[in-house]
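K.L.:
Supplied in structure tokens, the structure appears directly below.
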Amino acid sequence: MEVTAFDRGWPHSGYVKFVPGGNRMKAARIVPLALSTLLFLSPAAAPLSANETRPVDVVVVLDTSGSMENLLDATRARLWDVVNELGRMEPTPELRVGLMSFGTEKASEEEGYIVQHVDLTYELDEAYAELMELTIGGGEEYVGRALNEAVDDMNWSPEREALRIVFVAGNEPADQGDEDFLLAANAARDQDIIVNALYAGNREQGVVEKWHKVAQAGDGNFSAIDPAVGSIQIATPQDDLLLELNGSLNTTYVPYGEKGESGLANQIAQDSNASRLGVQSCSSRIVAKGGALYNNASWDLVDKSLEDGFNWDMLSLSDLPQALRELSDEERDTFIASKRSERERIQQDIQRASAEREAFVKQAMIERLGDEGLGEAMRQVIREQAMAKGFTCEGC
């Protein structure tokens, strides 16, 4: 097993205006190389204030053909580790996640054997549920077409300061299909979308099959990883405490509206899915739930109440849980504030346990394998590319 970060690709030849979801030919060069490099590529970019937020869009594009079972399991096992890595960044990321698969039997040859499962969404549990539903088996693996569809069809943030990242992962030659993977990766780069290539296998074979060129053209990183390593589970002394804290945390959610009950049910279902993968995946998810990036404002009143301009007039009486319908607005405020205070206390306890757990897992993996496979490869890439975009990370 080997994990190797490939050198970043050549700098842009000029800043290209981002056209969200648009045709790649709509891009227009508007400023010279020097300004482009200053705005987008310089690792010395001025860090932002910690009280600000910044959009971060991450799209995962997975080969789900018959030979990729280990990669799929590793991605499921380590997704929350990537969320937790972003949770360490300042300013706080406004994280959205999207999911696509290619080489899948769920799509036809005409569709390129490609499926968009989740457009970019703040609802992390929604993306995780779809990831857990993916199955292995399918057709040809068209990396170029998959990248083109990721660039054109995902609802990327139009903010100039947004960090936009694609992880495309597979284990077959990258140059299959009619759409040139180099042109596709270049088109992503020209819209300020970084393309990272993860080859599931030996690094030398990944180079032979041109996955390093995907990263070069997309201004990203190439990693060759052993997917089996990513699904290994390490038990820690903090796991039982984290499970107890998670049970308490779940009692602080107050469902409302049409999505309320289904949102709460999905939260519990994804707790169960993470637990099914193993103790480390379960604990990693709990840590993510204890951080700032896990937000359920579409169905939870505690998160909803923190949005700018929130007031009770925004909701009809039927949107509210039965316990709140007979209360005055002031009494509702008091109830939600109490739940928020309780949640914040539990989340602080989770973060304290998380710090101890992370140190234990890191040391155990080094002693056992010398590296962490897929999870660590993705965490390193996220960390480096976020910091190059102006984020900071204390202790990273």
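K.L.:
Might you check whether a residue that is surrounded by 16 or more Cβ atoms within 10 Å (Cβ to Cβ) and closer than 24 Å to Thr121 by Cβ occurs anywhere in the range 309-318?
P.N.:
yes
K.L.:
Residues that are surrounded by 19 or more Cβ atoms within 10 Å (Cβ to Cβ) and at pLDDT 95 or above: does the range 337-345 have at least one?
P.N.:
Among the residues of the range 337-345, at least one is surrounded by 19 or more Cβ atoms within 10 Å (Cβ to Cβ) and at pLDDT 95 or above, which makes the answer yes.
K.L.:
Right, another one. Return yes or no: is Ala377 within 25 Å of the chain's Cα centre (by Cα), closer than 30 Å to Glu52 by Cα, at pLDDT below 90 and not assigned by TED's automatic domain parsing to the domain that holds Leu243?
P.N.:
Yes.
K.L.:
Check Gly137 against each of (1) buried (at least 24 other Cβ atoms within 10 Å of the Cβ); (2) under 23 Å from Arg78 (Cα atoms) and name the one condition it does not meet.
P.N.:
(1)
K.L.:
From the list Gly220, Gly291, which residue is touching a residue at least 12 places away in the same chain (Cβ under 8 Å) and either more than 22 Å from Arg340 (Cβ to Cβ) or touching a Phe, Trp or Tyr at 6+ places or on another chain (Cβ under 7 Å) (or both)?
P.N.:
Answer to the check: Gly220.
K.L.:
Looking at the range 93-134 only, could you name the residues that are out of contact with any Lys or Arg (no Cβ under 8 Å at 6 or more places or on another chain), β-branched (Val, Ile, Thr) and more than 21 Å from Glu209 (Cα to Cα)?
P.N.:
Answer for the range 93-134, where residues must be out of contact with any Lys or Arg (no Cβ under 8 Å at 6 or more places or on another chain), β-branched (Val, Ile, Thr) and more than 21 Å from Glu209 (Cα to Cα): Val97, Val118.
K.L.:
Mind checking which helices (runs of 4 or more DSSP H) fall wholly inside the range 265-336 and carry at least 3 residues that are over 30 Å from the mean Cα position of the chain (by Cα)?
P.N.:
Values: elements: 279-289, 301-304, 322-325.
Qualifying helices (runs of 4 or more DSSP H): 322-325.
K.L.:
Considering only residues that are closer than 12 Å to Arg145 by Cα and either crowded, with 20+ Cβ neighbours inside 10 Å or touching a strand residue (DSSP E or B) at 6+ places or on another chain (Cβ under 7 Å) (or both), which ones fall in the range 106-125?
P.N.:
Gly112, Tyr113, Ile114, Val115
K.L.:
Can Val254 be described as of a type in the set (Val, Ile, Thr) and at pLDDT below 95?
P.N.:
no
K.L.:
For the range 232-250, does any single residue satisfy the condition of being closer than 26 Å to Asp119 by Cβ, in the same structural domain as Lys339 (by TED's automatic domain parsing), among the hydroxyl-bearing types (Ser, Thr, Tyr) and more than 18 Å from the chain's Cα centre (by Cα)?
P.N.:
No.
The values are calculated or read from the model by the stated rules, or taken from the named source; none is laboratory data. Given the structure is predicted, the values throughout are model-derived calculations rather than measurements. Every residue, glycine among them, receives a Cβ derived from its backbone with ideal geometry; neighbour counts consider all protein chains shown.
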